[in-house]
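Colleague: Have a look at this one.
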Amino acid sequence: MSEPVQPLQAEAQTEAGDAFFELARTRRSIRVYAERLVPRALTARLIDCATRAPSNFNRQPWQFVVADEPSWCKAIYELLERGVARVGSSDKADELFHLLDHVRTWLYPLRSSPVIVLAFYKPSPERLDQMLSSANEAAGDVTHYNPNLITLGMAIQNLLLAAHAEGLSACMHSGPLPFLRGVVNRLLHLPPNLQLAGVISIGYPAEQPQVPPHRELEKVLRFLEGPVPEAWLATPTRKE
Ligand SMILES: Cc1cc2nc3c(=O)[nH]c(=O)nc-3n(C[C@H](O)[C@H](O)[C@H](O)COP(=O)(O)O)c2cc1C
């Protein structure tokens, strides 16, 4: 047996590697912003970086709608507040009380954020994706295969890192999604099949949150080593 690898002790191979690792390590979800506008060209640069992400068959299934004027940010925030209130008032049995309470508690970054990005993806109607999903199911896998959603997630991560690199900060929010979906498409005259999958607040940071707990690498990383077991050499079989 070889010694466990200590990747965190490994030297970066290049200066760019060092800088990038530091950027990824120090990125934080920032939820309190300075009262300072973000130049539109800078926001556009971040979105440009988002759209450099890899995508399934290079489909680039994303669309970004950005509010960077106070009146538009307020309009989105208030739409969201009304959406939460509407669901709350129709929840007679208080079944959603805890969920709504949680969502309300976490809306504050969107109230003070100078930029709000609505990130949409177009679900894939492609035959190949359907075939892959069917193949998953046939193999006993119940996980829904959603490559275009994964693709949007990759683009959003580019956006978050680019914001951090440019001295800005950002936070991805999924809490607001159920309260904006559909209605925002109608108001923006977007096709109903374009799915809102991320709301991202961006601004200059006005807080320094604690570094959240981070699962140790040893718990999430495993290198395969040693002789390959017999079972691996057999023909793959369906799940029992
Ligand atoms: C898919 C996704 C959804 C998230 N939704 C929310 C959200 O609704 N509200 C929020 O304040 N943060 C949200 N976050 C941010 C996480 O809370 C945050 O990434 C996590 O606590 C780790 O902190 P860090 O980003 O500073 O490393 C979300 C992050 C992801 C990736």
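Colleague: Could you check the stretch 81-112 and list, in sequence order, the residues that are under 21 Å from the mean Cα position of the chain (by Cα), away from the ligand (no atom under 11 Å from the Cβ) and under 21 Å from GLU35 (Cβ atoms)?
Modeller: Within the stretch 81-112, ARG111, SER112 meet the criteria.
Colleague: Please go through the stretch 11-51 and pick out each residue that is surrounded by 12 or more Cβ atoms within 10 Å (Cβ to Cβ), basic (Lys, Arg) and away from the ligand (no atom under 16 Å from the Cβ).
Modeller: Of everything in the stretch 11-51, those that are surrounded by 12 or more Cβ atoms within 10 Å (Cβ to Cβ), basic (Lys, Arg) and away from the ligand (no atom under 16 Å from the Cβ) turn out to be ARG40, ARG45.
Colleague: So, one more: Evaluate the stretch 222-232: report whether one residue or more is at pLDDT 95 or above, of a type in the set (A, V, I, L, M) and in a helix (DSSP H, G or I).
Modeller: No, there is no match, as no residue in the stretch 222-232 is at pLDDT 95 or above, of a type in the set (A, V, I, L, M) and in a helix (DSSP H, G or I).
Colleague: Right, next: Out of the residues in the stretch 171-221 meeting the condition of being surrounded by 11 or more Cβ atoms within 10 Å (Cβ to Cβ) and acidic (Asp, Glu), tell me which one is nearest to the ligand (Cβ to nearest atom).
Modeller: Filtering the stretch 171-221 for residues that are surrounded by 11 or more Cβ atoms within 10 Å (Cβ to Cβ) and acidic (Asp, Glu), the one nearest to the ligand (Cβ to nearest atom) comes out as GLU207.
Colleague: Is there a residue being free of Cβ contacts under 8 Å to residues at least 12 places away in the same chain and within 25 Å of GLY153 (Cβ to Cβ) anywhere in the stretch 75-96?
Modeller: Checked against the condition, which is being free of Cβ contacts under 8 Å to residues at least 12 places away in the same chain and within 25 Å of GLY153 (Cβ to Cβ), the stretch 75-96 yields no hits at all.
Colleague: Right, here's the next one. Within 30 Å of PHE21 (Cα to Cα) and modelled with pLDDT of 95 or more: which single residue out of HIS173, HIS189 fits that description? Spell out the reasoning first.
Modeller: Values: HIS189 fails: within 30 Å of PHE21 (Cα to Cα).
Going through HIS173, HIS189 in turn, the sole match is HIS173.
Colleague: Is it the case, given these coordinates, that LEU160 is outside any loop (DSSP other than H, G, I, E, B), within 15 Å of the ligand (Cβ to nearest atom) and of a type outside the set (Gly, Ala, Ser)?
Modeller: Taking the combined requirement at face value, the residue satisfies it.
Colleague: Wholly within the stretch 86-145, which helices (runs of 4 or more DSSP H) include no fewer than the required count, namely at least 2 residues that are within 16 Å of VAL199 (Cα to Cα), among the hydroxyl-bearing types (Ser, Thr, Tyr) and at pLDDT 90 or above?
Modeller: 108-112
The values are calculated or read from the model by the stated rules, or taken from the named source; none is laboratory data. Since we're looking at a predicted model, the values are computed, not measured. No Cβ is skipped: glycine too gets one built from the backbone with ideal geometry, and neighbour counts run over all protein chains shown.
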